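Here the structure comes first, spelled out in structure tokens, and everything after it is commentary.
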Amino acid sequence: MTARPLPEVLRSLRRPAVAVVGDLLLDRYLFGAVGRVSPEAPVHVVRLDREEERPGGAGSVAALLGGLGARCRSVGVLGRDGSGDRMLALLRAAGASTAGVVRLPGRPTTVKTRVVARNASGFQQVMRVDREEDGPLPAAAVRALSAAARRAIRGAGAVILSDYAKGALPDPVIRAAVAEARRRRIPLLVDPKRADFRAYAGATVITPNRAETERALGVRIRTGEDAARAGRRLVRSLGLEAALVTLDRDGIVLVPREGAAVRIPTVPREVFDVTGAGDMVIAAAAAALASGASLEEAARLANVAAGIEVARFGVVPVTRDEILEAVHAPGEDTARKVLPLPALREALRARRARGERIVLTNGCFDLLHVGHLRYLAAARAEGDLLVVGLNSDGSVRRLKGRGRPLVPFAERAETLAGLSCVDFVVGFGQDTPERLVRAVDPAVLVKGEDWRTKGVVGREWVERRGGRVVLARLVPGRSTTALLERIRGAAR
């Protein structure tokens, strides 16, 4: 059967219940700026700006399913500690049911703490500290998890086993979930982490990445043909309906039990963070299969969703509307990014309602150069989406003098919109962005560090409303004025 166009697949998505059984992890992020090297040791000193906690592991799958409109039923293990309490709250905030979560005294909740430093080129993870206990679960906990998995699967449209090798998926729990899914004839998808895949026998689909497939089979995967051969081995040996081998920048290879393998290329995007790409693949595929999509349709949808996910920092839910936008305009659709202020405010209303942090910066951006690119990447890393306020031609002329701008507004806007780190561009005609700041109401206002002594317009408004002002580092010697001087010097 020929796969339907993805817009049609998206329109056919229902709001299925999906049971997610696996390792629940709490992801903690410590964000800060790097300003110096410690005198105590040859390490950077990170000055803490903010802290965030997000659901990780099987919890991130639950959050991603919620963003896609699915109803998630979480099954896993948490300690009876403060981190476990916060993880439950995060799951519930993402719309997931937590009736299947087993709390264990004496076993700490797994917490991954990442120290993330901001520098001139954006955010970079400099350290990760894990607190975990991945030893065998007590027999009573295994029985409780198996029973919780069977209950969650009843009435579900699909099942996900999210195995992060932290102990929440011992063999008896996997066997119970597989048996229940097969009995009810619903798809069960596995995101594997253990080296031996035999425990997953009888699943519907397995979604290993390149490294996981190589480790499990003892092969090297360099090409799509290599992935297809490896997928065929997995399908045969485990009794699967399909293997979906993810190859990062090389896309996805779908290997069904019947028929030829399907190579699905990725859409080129700037990659900010690969965290959550595998979780996005399995969440999107499960939501599609639970809504009646074919394996190929589910794989194509998952590929687009994962491409959007890696353009963000950390795991951030992707919505159906965002996937639809990406489908209509592979790569980047610049026209949809350049909006008048009323349309922008309407677009931001939905994003704000989902809890996304809006970042605003502004400028003339005449003759785009590497300094601009690094600055905008750093600004985008401060939140979930970046709005660029762009001075009109008249305001540039008043600020910069006769002969400027060199590039008219429409072309400057289109160029900015072509950058993957820029989500929206909006023009303003005033000499200062004060009115724009109030209208956009960002969580983070970013300006260059050269504004430290000049006073950032809009600072009072943003900080009074609980937001932050960030002064981003600039690339020395890189400015439109300096570029013009070089051009004039070369002409002379």
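The values are calculated or read from the model by the stated rules, or taken from the named source; none is laboratory data. This one's a predicted model, so the numbers in the text were calculated from it and none came from an experiment. Positions of Cβ are backbone-derived with ideal geometry, glycine not excepted, and every protein chain shown enters the neighbour counts.
Let me confirm something: among 222, 198, which residue is in the same structural domain as residue 308 (by TED's automatic domain parsing), in a helix (DSSP H, G or I) and surrounded by fewer than 16 Cβ atoms within 10 Å (Cβ to Cβ)? Unique residue meeting the criteria: 198.
Just checking, does region 10-17 include any residue being part of a strand (DSSP E or B) and touching a helix residue (DSSP H, G or I) at 6+ places or on another chain (Cβ under 7 Å)?
Kept after step one, since they are part of a strand (DSSP E or B), are these residues of region 10-17: 17.
Of the ones still in play, those that are also touching a helix residue (DSSP H, G or I) at 6+ places or on another chain (Cβ under 7 Å) are none.
No, region 10-17 contains no residue that is part of a strand (DSSP E or B) and touching a helix residue (DSSP H, G or I) at 6+ places or on another chain (Cβ under 7 Å).
The residue of region 420-443 that is surrounded by the fewest Cβ atoms within 10 Å (Cβ to Cβ), among those that are closer than 22 Å to residue 351 by Cα and modelled with pLDDT under 90, is 420.
Let's see how each residue does on (1) at pLDDT below 95; (2) more than 30 Å from the chain's Cα centre (by Cα):
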residue: 175; (1), (2): no, yes
residue: 179; (1), (2): no, yes
residue: 184; (1), (2): no, yes
residue: 187; (1), (2): no, no
residue: 190; (1), (2): no, no
residue: 200; (1), (2): no, no
residue: 205; (1), (2): no, no
residue: 222; (1), (2): yes, no
residue: 236; (1), (2): no, yes
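What pairs come up if the first residue lies in region 327-352 and is farther than 17 Å from residue 389 by Cβ, the second is basic (Lys, Arg) and modelled with pLDDT under 70, and their beta carbons are under 9 Å apart, counting only those six or more places apart or on different chains? Correct list of pairs: 331/269; 332/269. Residue count for region 370-412, restricted to those that are aliphatic (A, V, I, L, M) and over 19 Å from residue 448 (Cα atoms): 3. Taken over region 338-352, the criterion of being surrounded by fewer than 15 Cβ atoms within 10 Å (Cβ to Cβ) and either outside any helix (DSSP H, G or I) or outside the structural domain of residue 409 (by TED's automatic domain parsing) (or both) is satisfied by 340 alone.
In the condition set (1) assigned to a loop (DSSP other than H, G, I, E, B); (2) under 19 Å from the mean Cα position of the chain (by Cα), residue 87 is compliant with all but (1). Would you be able to say whether some residue in region 129-152 is out of contact with any strand residue (DSSP E or B) (no Cβ under 7 Å at 6 or more places or on another chain) and within 30 Å of residue 447 (Cα to Cα)? Checking region 129-152: not a single residue is out of contact with any strand residue (DSSP E or B) (no Cβ under 7 Å at 6 or more places or on another chain) and within 30 Å of residue 447 (Cα to Cα). The residue that is surrounded by the most Cβ atoms within 10 Å (Cβ to Cβ), among those in region 444-475 that are modelled with pLDDT of 90 or more and β-branched (Val, Ile, Thr), is 446.
Annotation: residue 258 fulfils all but one of (1) modelled with pLDDT of 90 or more; (2) touching a helix residue (DSSP H, G or I) at 6+ places or on another chain (Cβ under 9 Å); (3) not in a helix (DSSP H, G or I); the unmet one is (2). Residues that are touching a residue at least 40 places away in the same chain (Cβ under 8 Å), buried (at least 23 other Cβ atoms within 10 Å of the Cβ) and assigned by TED's automatic domain parsing to the domain that holds residue 215 occur at least once in region 127-147.
Taking region 168-182 as the range and being part of a helix (DSSP H, G or I) and either touching a helix residue (DSSP H, G or I) at 6+ places or on another chain (Cβ under 9 Å) or of a type in the set (Ser, Thr, Tyr) (or both) as the test, the residues that pass are 171, 172, 173, 174, 175, 176, 177, 178, 179, 180, 181. Return yes or no: is residue 37 without any contact (Cβ under 8 Å) to a residue 12 or more places away in the chain, in contact with a His (Cβ under 7 Å, 6 or more places away or on another chain) and surrounded by fewer than 24 Cβ atoms within 10 Å (Cβ to Cβ)? So residue 37 passes the test.
For region 367-382, give me each residue that is buried (at least 22 other Cβ atoms within 10 Å of the Cβ) and in a loop (DSSP other than H, G, I, E, B). Residues satisfying the conditions are 381, 382.
Among the residues of region 156-180, those identified as surrounded by fewer than 20 Cβ atoms within 10 Å (Cβ to Cβ) and free of Cβ contacts under 8 Å to residues at least 40 places away in the same chain are 170, 171, 172, 175, 179.
Could you tell me whether any residue of region 402-416 is assigned to a helix (DSSP H, G or I), β-branched (Val, Ile, Thr) and surrounded by 21 or more Cβ atoms within 10 Å (Cβ to Cβ)?
Within region 402-416, the first condition is being assigned to a helix (DSSP H, G or I), and the residues that meet it are 409-416.
Pick out the ones that are also β-branched (Val, Ile, Thr) and you get 415.
Filter again for surrounded by 21 or more Cβ atoms within 10 Å (Cβ to Cβ), leaving none.
Taking every residue of region 402-416 in turn, none turns out to be assigned to a helix (DSSP H, G or I), β-branched (Val, Ile, Thr) and surrounded by 21 or more Cβ atoms within 10 Å (Cβ to Cβ).
Considering every residue within region 481-492, establish whether at least one is farther than 19 Å from residue 387 by Cα, modelled with pLDDT under 90 and surrounded by 15 or more Cβ atoms within 10 Å (Cβ to Cβ). For region 481-492, residues farther than 19 Å from residue 387 by Cα, modelled with pLDDT under 90 and surrounded by 15 or more Cβ atoms within 10 Å (Cβ to Cβ): present. Beta carbons closer than 7 Å, at least 6 apart along the sequence or on distinct chains, pair a first residue in region 375-391 that is touching a residue at least 12 places away in the same chain (Cβ under 8 Å) with a second that is among the acidic types (Asp, Glu) for 384/356; 385/356; 385/423; 386/423; 387/423.
The sole residue among 70, 62 that is surrounded by 24 or more Cβ atoms within 10 Å (Cβ to Cβ), touching a Cys at 6+ places or on another chain (Cβ under 6 Å) and of a type in the set (A, V, I, L, M, F, W, C) is 62. The residue list 290, 302 contains one member that is under 22 Å from residue 164 (Cα atoms) and either in contact with a His (Cβ under 9 Å, 6 or more places away or on another chain) or buried (at least 23 other Cβ atoms within 10 Å of the Cβ) (or both), which is 302.
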